[in-house]
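Q: Sending over a structure as structure tokens; questions will come in a sec.
The values are calculated or read from the model by the stated rules, or taken from the named source; none is laboratory data. These figures come from a predicted structure and were not determined experimentally. Here the Cβ positions follow ideal geometry from the backbone for every residue, glycine too, while neighbour counts run over all protein chains shown.
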Amino acid sequence: MATRRRTLLKVIVLGDSGVGKTSLMNQYVHNKFSLQYKATIGADFVTKELQIGDKLVTLQIWDTAGQERFQSLGAAFYRGADCCALVYDLNVAKSFDSLDNWHEEFLKQANPSDPKTFPFIVLGNKVDIDGGRSRVVSEKKAADWCASNGNIPYFETSAKEDYNVDEAFLTIAKTALANE
Ligand code: GDP
Ligand code: MG
């Protein structure tokens with residue numbers, strides 16, 4: 001049997017409280033969604049194995065433990081991150097405006113060797129709400145932000161309807177892998 005290389009990739013998920021970070025992870029890893037809001041308790045990660053080409057990849061996805069408002073995620077949270085997913089809610093302008101802060105905070109805390117090429121991804125979540133009629137951030141506005149911050153890949157997702165969730169995390173894995 002051919003030798004397989006197993007790669008562990010640490011993914012950090014950041015964004016304002018309530019945008020759907022925990023829900024996206026639950027949908028991706030456990031295929032579950034709940035409308036009940038539970039602030040995440042305790043520093044936590046979940047893992048998911050996936051095959052990319054001839055590589056077996058373990059995604060280790062780190063969730064913020066409800067300290068989003070205090071921006072007091074410890075150094076251990078950021079240490080050794082291979083990729084950072086920035087999540088906002090398409091229906092909440094402030095959560096989009098916060099992307100700048102989260103992006104900056106990540107670069108400051110994780111301090112990657114090459115900030116310009118570090119793999120980020122942006123997810124505009126809750127695209128299902130009102131069939132998209134209540135969205136306040138246009139696709140163009142989001143795409144422009146991504147383009148001007150180093151051509152970050154952009155996905156519109158719904159953790160509720162399991163829309164684009166696998167695709168987004170696969171792109172996260174591939175982007176991080178390419179940067180190894
Ligand atoms: P977090 O604070 O970023 O981890 O956000 P949560 O994952 O806890 O989600 C906050 C609330 O938004 C919960 O009530 C979820 O059920 C809801 N939610 C999350 N993702 C979606 C989505 O894609 N669509 C809809 N309609 N609601 C969502
Ligand atoms: Mg959460």
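So that you can scan it fast, the table gives a plain yes or no per residue for (1) polar (S, T, N, Q); (2) modelled with pLDDT of 95 or more:
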residue: Pro112; (1), (2): no, no
residue: Phe118; (1), (2): no, yes
residue: Lys141; (1), (2): no, yes
residue: Ala147; (1), (2): no, yes
residue: Tyr154; (1), (2): no, yes
residue: Thr157; (1), (2): yes, yes
residue: Leu170; (1), (2): no, yes
residue: Ala173; (1), (2): no, yes
residue: Asn179; (1), (2): yes, no
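Q: Which one of these is over 22 Å from Ile12 (Cβ atoms) and under 17 Å from the mean Cα position of the chain (by Cα): Val165, Val127?
A: Val127
Q: Within segment 106-140, track down each residue that is more than 25 Å from Ala176 (Cβ to Cβ) and among the small types (Gly, Ala, Ser).
A: Once the filter is applied, which keeps residues that are more than 25 Å from Ala176 (Cβ to Cβ) and among the small types (Gly, Ala, Ser), segment 106-140 yields Gly131, Gly132, Ser134, Ser138.
Q: For segment 112-162, how many residues are surrounded by 13 or more Cβ atoms within 10 Å (Cβ to Cβ), touching a residue at least 12 places away in the same chain (Cβ under 8 Å), closer than 20 Å to Thr175 by Cα and more than 16 Å from ligand 2 (Cβ to nearest atom)?
A: 17
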